[in-house]
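Below is one structure, written out as structure tokens, with a few remarks after it.
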Amino acid sequence: LFKQVFSKLQQHEIPDPWLDAGVIMEKTDFAVDLVCMDVPLRARMYDVSIPGPHGNTTTLHLFEPQSTCEDGIRGQDDIRFDMSDIARHLTLFLYPDDSRPEGRRLRLCQQYFLASCAAAWILKDCGERGWRCSEASLSDYAAVQINDTHPALIIPVLINALTGRGLDEQQAIAQVRECCSYTNHTVMSEALECWPMQEIKAVAPQLY
């Protein structure tokens, strides 16, 4: 979340320049257009090569809204910012303060944004490898592992995407059920999120 430097035996935090020249991220030409709370967003995908055993590598795909702006923080010792400005501040902070309604809605927007980007990439990748939703199950080409409830919105996002490709709702549900798995890492109530339907309707009415 930040870069650390040490000066005179003291730790100091400065912004992590993860998109500066020379870093390990590679900007791709893949972009996703979506709407969150009536705000149009365009997300760009960045790739990071992750080394593995025996010289093998895999690729981590990360997404950033192209309208993100980091100048909304009011001071070094004050991390308050306008949580209602989705276009500029959607991914400014991980886990924004959810003690207020706008913070809870921003969290839901973050989850919807990342689930939508992941779903778009999955469907593109599977399509390039020959998958057609009317001919084969998505599970023949992809496995989606959901860790805790934060990325669980990918289930209705994928169902919505498949119905948009011509499947009826029950066919879409069946395909998504086959390709998605869920792992729960805790029984703490704060980790088992429950979102009021009116919030889903406000953020992504097509899912509602």
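The values are calculated or read from the model by the stated rules, or taken from the named source; none is laboratory data. For clarity, every value in this text was computed on a predicted model and none was experimentally measured. Using ideal geometry, Cβ is built from the backbone for each residue, glycine included, and neighbour counts are taken over all protein chains shown. Heads up: the accessible areas ignore ligands, DNA and RNA and are worked out on the full protein's heavy atoms, side chains in. Shrake-Rupley method; radii C 1.70, N 1.55, O 1.52, S 1.80 Å.
Data table
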| read-out | value |
| --- | --- |
| ³J(HN,Hα) computed for each position of segment 154-162 - Karplus, 6.51 cos²θ - 1.76 cosθ + 1.60, integer Hz, glycine/proline x | 5, 5, x, 5, 5, 4, 4, 5, 6 |
| Ratio of the Cα radius of gyration of the chain to 2.2 N^0.38 Å, where N counts its residues | 1.13 |
| Area of residue 12 that stays accessible when all protein chains are in place (1.4 Å probe, Å², to 10) | 80 |
| Residues of segment 190-208 with amide N under 20 Å of the 7 Å Cα→Cβ point at residue 184 | 190-197 |
| Largest-first ordering by accessible area, 1.4 Å probe, given options 88, 129 | 129, 88 |
| Among 105, 44, 132, residue whose mean-square fluctuation peaks in a GNM of the chain (springs only between Cα atoms under 10 Å) | 132 |
| Distance histogram in 10 Å bins (all Cα pairs of segment 79-165, percent per bin) | 16, 40, 25, 15, 3 |
| Heavy atoms of residue 153 accessible to a 1.4 Å probe, total area in Å² rounded to 10 | 20 |
| Cut-off under 5 Å, modelled amide H: who pairs with residue 30 long-range | 45 |
| Residues residue 10 and residue 192, FRET efficiency given R0 of 30 Å [Cβ-Cβ distance, rounded to 0.05] | 0.15 |
| Rounded accessible area of residue 63 (nearest 10 Å², 1.4 Å probe) | 30 |
| Ranking by accessible area, most exposed first, for 197, 37 with a 1.4 Å probe | 197, 37 |
